[in-house]
Structure formats: C-alpha cells, structure tokens
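Values in this text are rule-based calculations from the coordinates and carry no lab data. No experiment lies behind these values; they were computed from the predicted model shown. Cβ sites come from the backbone with ideal geometry, for glycine too, and all protein chains shown count toward neighbours.
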Amino acid sequence: MSSILPTKVMRTFYFKKSPPKPSQAPQVGGSRAGKQQQQQPQSDAGWPFPNFRLRVDDISHPGAQVFFANVNPDEVLRDAAWAVFSWLYTPVTVPRHVESVVLVLRSMDGVAHTMGSDIYKEIHFSLEWIAQHAHRAKDEIQGVLVHEMVHCYQHDGNGTCPTGFTEGVADWVRLHAGFAPPHWREDGGSKWDDGYASTAYFLDWLEQSHGRGVVRTLNLTLRDRGYEDNLFKEHTGKKVTKLYSLYRESLTQKKAQSVPN
Ligand SMILES: [Zn+2]
C-alpha cells in the first residue's frame, strides 16, 4: 500500500529526555527528565533496523554542506529508527516489514515528507530547511528525521486515523526523544487532533494522567483495526473529547499556579 504523509512546517522546541529501555514503556513525565543522550541497543539483535540509503540531489547546496558538517547519515538514521522502536514498540511488536529507508536530500518547499510501500520508504527532506536551521542543525535534523521515521513504522488503522493523531504521535516521539524545537509550547490548541506538537503535548499529558504506555497501546491497536471514536475510551475509560477538556483544565490550573501573587 502506498502512503504519502506530508509534514507541515515543524514547530520546534528543546528538551532532552531519557529514553526507555528497549523493552520498557515510556515513563510518565519522562519528557521533563533532563538532558540525557539516547541509549542505543547493544546490538541490532531483535531489532529490525532496515537498510539505510542516502541520495543527495545537489551536493553543493548549502543545506547539503550543513547536513554533512553536523551529522553522520548512518548514525542519525539509526538513532531515529531507534527512537521509534523504543518509544512505540517492543522487540515482539515492532513492525518487521520495512526493508529499506532512503533519505533523499533535495531542494523543495516545506520541511519533509515520507512516502513509499510497506517494505520501501523514502524520506524527502528539504535542503533549504536544513540550510535555514544551520544554527541548530544537528537537533533539527535529528528531530525531523525522528518525526518522519515514525511515519515509516506507525500504525494508522489502515489509513482511517485522523491525520492530526498520526502527526501528533510523530511529534510525541520527537518530544520524548529529546528533539523538541525551542519554540514548542504546551499551549493546548483548539481540539485534540490539531496535530503536531499540540497533539503531542496532549498525548504526553495522557501518559502522565492515565498511565505509561497508553500511546504505545493506541498505536498498536491501530495495527489490527480501523480508527473508531471509542478507541480512547476503551483504553482510558473516557472519551477523547472528555480527555481533551480535562487536559485543557490542567493547563489552565498550571497557568494559574504559575502566576505570581
Ligand atoms: Zn508528519
């Protein structure tokens, strides 16, 4: 099945957090766990790292020069795959059908998008975007690649999932992997599936308030069936609209508490 998952302009913020061990669910509130480097698995055993390939359409482009000055392509792609494996899966549940992931660095509008088939994925990444973010290139490249790598592996109920949810899960993994850009803020949004960072923070709150591993479970449920409105209720006991209003309330309370007397 072919899929194209375009990425809007990414919003960015920083804070590094500790990753889970390969067999662990993410930790509640882990996104605020301080700056720690991601721990790599001791070996590939048990984890289906794909064959990584790289295509650079214009090697003399300033973005290409920024890319190679800041990251090692093999390492950055492996790190991104590892972030997806460790935050969304276990060695038992991780999808094993992806054989190749090709990173295509090229001149294009926007930031990045992922396309391909079950076994072959292409991540297209804008050289202009990389050049524009030269001042924080390593984190931005890693963050975008984690987001896009989620699209290579996440379940979407065979295409029935709200796009805002799949984009929110992608940024939730980015957030937890420690590559949130500096301008991301936990400021709600207008609805739960606004997508991207807005939904990522809602999912983070969901993990903190309704138990670690909820996002992982939601993703896995969408492997075997289509998205339905009662998905969240099945796993949390509450409708997603109710959860979202509770999340908004928690933000309001947090804001009130942070206002000095
Ligand atoms: Zn995306």
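Got a sec to turn the phi values of the range 235-249 into Karplus ³J(HN,Hα) couplings, 6.51 cos²θ - 1.76 cosθ + 1.60 with θ = phi - 60°, whole Hz, x for Gly and Pro?
9, 10, x, 10, 5, 5, 5, 5, 4, 5, 5, 5, 4, 4, 4
Between N51 and A69, what is the label-point separation in nm under the 7 Å Cα-to-beta-carbon projection?
3.3
Using a simple spin-label model with points 7 Å from Cα along the Cα→Cβ vector, what separation in nm is obtained for K233 and I59?
Taking the simple label geometry, K233 and I59 are separated by 5.9 nm.
Ordered by residue, what ³J(HN,Hα) values in Hz, to whole numbers, does the range 83-99 give under the Karplus form 6.51 cos²θ - 1.76 cosθ + 1.60, where θ = phi - 60° and Gly and Pro are x?
So the Karplus estimates, Gly and Pro as x, are 4, 5, 4, 6, 8, 10, 9, 10, x, 7, 8, 4, x, 10, 8, 7, 9 Hz.
Under 13 Å from the Cβ of V66, count the other residues' Cβ atoms, weight Lys and Arg +1, Asp and Glu -1, and hand me the total. Write down the numbers at each step before the final one.
Working: positive: R136, K138; negative: D58, E128, D139, E140.
Cβ neighbours under 13 Å give a net charge of -2.
Give me V104, V84 sorted ascending by neighbouring Cβ count inside 10 Å, so fewest comes first.
Working: V104 16, V84 23.
Exposure proxy ranking, most exposed first: V104, V84.
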